[in-house]
Amino acid sequence: MRTDRVHGIIGLAARAGGVVRGTERVREAVRENTVRFALVAADASRNSKNRIVPLLEASGVPYVERFDRESLGSAIGKAPVSALAVTDPGFAAQLRAAVGAAVAAPETGFED
């Protein structure tokens with residue numbers, strides 16, 4: 001998996017308005033059933049992970065726990081962020097293919 005490709009897809013999705021950022025906003029989008037794929041920062045706080053990961057799993061939203069907060073934020077041209085959600089189905093499919101993601105659990109441990 002190429003990190004620059006993943007970040008490029010995230011950036012395009014953000015510019016197209018297909019990304020929700022931040023733990024609380026991602027949680028709201030999951031509850032509204034608009035999230036197609038999520039990324040949780042590997043270095044997010046335990047509290048942030050405890051708030052988002054169980055909800056993603058319970059809702060059946062595919063996700064990966066990968067990258068760091070700084071990297072996710074820079075991919076969308078913003079400050080560091082603990083979670084991003086892609087709402088656009090096309091961009092979500094591209095991201096899933098780029099990271100090789102099925103519904104991922106935190107212990108999946110994807111490698112670069």
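Scanning segment 13-24 for residues that are within 14 Å of the chain's Cα centre (by Cα), touching a residue at least 60 places away in the same chain (Cβ under 8 Å) and either assigned to a loop (DSSP other than H, G, I, E, B) or surrounded by fewer than 17 Cβ atoms within 10 Å (Cβ to Cβ) (or both) turns up GLY18, GLY22.
Out of all the residues in segment 54-69, which are modelled with pLDDT of 95 or more and over 18 Å from VAL35 (Cα atoms)? Matches in segment 54-69: ARG69 only.
Only one of these conditions is not met by ALA75: (1) under 19 Å from GLN94 (Cα atoms); (2) among the small types (Gly, Ala, Ser); (3) without any contact (Cβ under 8 Å) to a residue 24 or more places away in the chain. Which number is it? Answer for ALA75: the failing condition is (3).
The values are calculated or read from the model by the stated rules, or taken from the named source; none is laboratory data. Treat the numbers as computed from the prediction; the structure is a model and nothing was measured. Note that we place each Cβ from the backbone using ideal geometry, even for glycine, and neighbour counts take in every protein chain shown.
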